[in-house]
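*Asks:* Input: one structure, supplied below.
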Amino acid sequence: MSFLHTPILRVFNIVKRFPGVTALNGVSLELYQGEVHVLLGENGSGKSTLAKVISGIYLPDSGSIEVAGRQVVFSSPADAIRYGIYYIPQTPSLVESLTVTENVLLALRSYSLLAGVGRVREVVREVASKLGTRVDPDTKVSELSYTQRQTVELAKAVLLGARILIVDEVTTYLPRVVREFFYNYVRQVREGGGSVILITHKISEAVEVADRITILRVGTVVRTLERGEFNVELIRKLMFGNRVTSSTVEQPGGPTPGGGGEEVARLENAWARDDSGNLALRGVTLSIMRGEVLGVVGIAGNGQRELAEVLVGLRGLVRGRYYLRGADVTNRGTGTVRAAGVGFIPEAPLYYIFSGDLSLVENVAIASRWGPVIRWDSLASRVRKLVDTYGISAASPRAPVKTLSGGNIMRLAVARELELSRNMLVAYNATRSLDEAFSEYFLNAVRDLAQRGTAVVYISESVDEVLAVSNRVAVISSGRIVGLFDREGVNRDTVERLMVM
Ligand SMILES: Nc1ncnc2c1ncn2[C@@H]1O[C@H](COP(=O)(O)OP(=O)(O)O)[C@@H](O)[C@H]1O
Ligand SMILES: [Mg+2]
């Protein structure tokens, strides 16, 4: 790659404000042809906002954009696509009820582009095979996994003729095996003369794929590093400043149960269906003890989501029983379960536990239906305390929760739910959108909670995390528990082998 040429894309001094927040405060960046440029920064640092400005979703308040040396103004994504810029969001924007082919054709048509059905099928299959997956072009999107959905997005990018691909935290959600394929895909785009802006908050990922890394911190570029300059310590320092991070965190390892083996929850031969009506849990039997962290690990889509939903009462059983502290709560609903002191920290709090249009204060208040009684007058100050303690960045405690960045929403979820978890906490892919520093904090908080006697079910796709945090480890595959071990009695290899069974 040569930097002697004119950059293919140049953004200069971009400012973008939202009510109460300056998301981008004079950001400049250059992207060269054939470059994988990683945008790295903590949650809320402005990465997605910058991506959306570049791809015509947001109009900046000031600043300029040049493509191949020519100044451009994008007032819609269609404008950006005309210059070959395509943005792949964290959450794929597809129509659930349409097939893959229909979705792609629809997208093309909305940009006044046409492609034959045959060509669409071909590209979908081709991209899928590059990602090590399969996508039937005639399946409804509602039946696709996350990986398959992002395959469709990438196929759209190909058909739209994208030469600058902006990928927003997509890899965070991909299973590890797929992630490797994805990196290869990105490298192929580069070999083909395309350019990629890859957004992530994970340092390890940035170092693995980037030609250059630009680090953002609260809306400003801290520095752009060339490949020869990368090193994790330097990057960490640039990302977090002098804020103490990992050094305050204990090493992972043997937490000891603080309880005394009293059973808090028990699933007996639990069977449940997923949203499409297929059996997702097939005879799960599990006891969760006071004071322990029970890790549940598996490859995405093996019943974890349904297990989490069953444990918090959001999903019923078609067979089997669910007991909480000895009481039969089978199919009694989430109100009953939550009132029994069960907290829930899911990967998508806006979907599961928050109301996006309500404020932080109101969202904490609605939880009082399940938690200890809250006095309204003290609520605002309590929320302010949560905001401080958990480092939540929000315009105000009265701001609607949906205006927070994904990472800040997660922090609020952690803040609220830890307090509600008097008897049990169910964590489901909770660290997916947390940055490294807060993830570590969270893992410690989970261990602490267990030490104080709460039962924790820690559901995650990350073997590392589960091994680091759990007292016992359950492996889930095709809706069945295929292995259950004491932490000391199991190693990574065994777990990974069982995961693919
Ligand atoms: N649509 C929006 N309305 C109001 N504030 C927003 C909006 N989008 C982002 N923000 C705020 O802008 C800042 C940067 O957010 P974002 O670009 O999403 O960060 P990142 O992608 O790095 O996590 C955050 O403080 C966030 O709360
Ligand atoms: Mg983002």
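*Asks:* Give the Debye-formula value of log10 I(q)/I(0) at each listed q (0.13, 0.15, 0.22 Å⁻¹), with one equal scatterer per alpha carbon of segment 305-439, two decimals each.
*Replies:* Relative scattering, expressed as log10 I(q)/I(0), comes to -0.54, -0.71, -1.35.
*Asks:* Please list 3J(HN,Hα) in residue order for segment 185-193, calculated via the Karplus relation 6.51 cos²θ - 1.76 cosθ + 1.60 where θ = phi - 60°; whole Hz, with x for glycine and proline.
*Replies:* My calculation for segment 185-193 gives 4, 4, 5, 5, 4, 5, 4, x, x Hz in order.
*Asks:* Computed FRET efficiency, Cβ-Cβ of N491 and N269, R0 30 Å: what is it to the nearest 0.05?
*Replies:* That pair, N491 with N269, gives E of 0.55.
*Asks:* Using a/c under 1.5 as the rounded threshold, could you call segment 298-348 rounded, prolate or oblate? The axes a ≥ b ≥ c are square roots of the C-alpha gyration tensor eigenvalues, and prolate needs a/b larger than b/c, oblate otherwise.
*Replies:* Judged from the Cα gyration tensor, segment 298-348 comes out oblate (a/c at least 1.5, b/c at or above a/b).
*Asks:* Provide K47, K402, K16 in ascending order of the number of other Cβ atoms located within 10 Å of each residue's Cβ, fewest first.
*Replies:* So the residues, fewest neighbours to most, are K402, K16, K47.
*Asks:* Just subtract the alpha-carbon distance of V15 and R282 from 0.36 nm times their residue separation and send over the number in nm, one decimal.
*Replies:* Here the answer is 90.9 nm.
*Asks:* Would you mind checking segment 436-463 for residues with the amide N under 14 Å from a putative spin-label position 7 Å along Cα→C-beta of R422?
*Replies:* Inside the label zone: 454-455.
*Asks:* Want the number for N184 to K202: 0.36 nm per residue separation, take away the alpha-carbon distance, what's left?
*Replies:* Taking 0.36 nm per residue and subtracting the Cα distance, the gain is 4.7 nm.
*Asks:* Still on this model: With unit charges on the beta carbon (Lys/Arg positive, Asp/Glu negative), name the residue among G228, A367, S195 whose Cα is farthest towards the positive pole of the charge dipole of the chain.
*Replies:* The Cα lying farthest towards the positive end belongs to A367.
*Asks:* Within 13 Å, Cβ to Cβ, of N269, how many net charges do the neighbouring residues add up to if Lys/Arg are +1 and Asp/Glu are -1?
*Replies:* Summing Lys/Arg as +1 and Asp/Glu as -1 gives +4.
*Asks:* What is the set of long-range amide H partners of I481 at a cut-off below 5 Å, with H atoms built 1.01 Å from backbone N?
*Replies:* T285
*Asks:* Roughly how many Å is it from the Cα centre of segment 332-371 to that of segment 39-74, as a whole number?
*Replies:* Using only Cα atoms to place each centre, the spacing works out to 35 Å.
*Asks:* In straight Cα distance, which aspartates and glutamates are under 19 Å from K140, not counting same-chain residues fewer than 8 positions off?
*Replies:* Within the straight-line cut-off, K140 pairs with E96, E102, E122, E126, E153, D274, D275.
*Asks:* Would you mind ranking V53, V158 by Cβ crowding within 10 Å, fewest neighbours first?
*Replies:* V158, V53
*Asks:* First select every other residue whose beta carbon is under 11 angstrom from the beta carbon of L59; then total the charges, Lys and Arg +1, Asp and Glu -1.
*Replies:* My count for the surroundings of L59 gives 0.
*Asks:* Listed here are the pairs K47/K402; K202/K237; K16/K156; K47/K202; which of them are more than 24 Å apart at the Cα?
*Replies:* Result: K16/K156 exceed 24 Å.
*Asks:* Averaging the inverse of every distinct alpha carbon separation and then flipping it gives the Kirkwood radius. What is it for segment 91-189, in angstrom units?
*Replies:* Evaluated on segment 91-189, it is 13.4 Å.
*Asks:* Next question. Quick check on segment 9-242: what are the equivalent-ellipsoid semi-axes from the Cα gyration tensor, as sqrt(5λ), descending, whole Å?
*Replies:* Equivalent-ellipsoid dimensions as semi-axes: 29, 21, 16 Å.
*Asks:* Continuing with the same structure: Spelling out what I want: for every residue of segment 412-429, take phi, set θ = phi - 60°, compute 6.51 cos²θ - 1.76 cosθ + 1.60 (Karplus), and round to whole Hz; glycine and proline get x.
*Replies:* Running phi through 6.51 cos²θ - 1.76 cosθ + 1.60 with θ = phi - 60° gives 5, 4, 4, 4, 6, 6, 4, 5, 7, 7, 6, 10, 8, 10, 10, 10, 10, 6 Hz.
*Asks:* I want to check the label-to-label distance for R70 and S97. Put each point 7 Å from Cα in the C-beta direction and report it in nm to one decimal.
*Replies:* So the label points at R70 and S97 sit 4.1 nm apart.
*Asks:* Using modelled backbone amide H atoms (1.01 Å from N, in-plane), which distant-in-sequence or interchain residues come within less than 5 Å of A280's amide H?
*Replies:* Long-range HN contacts for A280: A272, R273, D274.
*Asks:* Mind pulling the per residue volume of the convex hull built on the Cα atoms of the chain? Å³ is fine.
*Replies:* Taking the convex hull of the Cα positions in the chain, it is 144 Å³ per residue.
*Asks:* Could you give the length gained by full extension between R109 and R452, i.e. 0.36 nm per residue of separation minus their alpha carbon distance, to one decimal place?
*Replies:* So the extension gain works out to 117.8 nm.
*Asks:* Divide by every residue of the chain the summed helix terms, -39500 (n - 2.57) for each DSSP H run of at least 4, and state the resulting mean residue ellipticity at 222 nm, rounded to the nearest 500 deg cm²/dmol.
*Replies:* It comes out at -10000 deg cm²/dmol, rounded to the nearest 500.
*Asks:* Determine how many Å³ per residue the convex hull of the Cα atoms of segment 1-119 encloses.
*Replies:* With only Cα atoms used, segment 1-119 gives 142 Å³ per residue.
Read-outs: derived from the displayed coordinates by stated rules, not from any lab. Here the structure is a predicted model, which means the values were calculated and not measured. Positions of Cβ are generated from backbone atoms using ideal geometry, with glycine treated the same way; all protein chains shown enter the neighbour counts.
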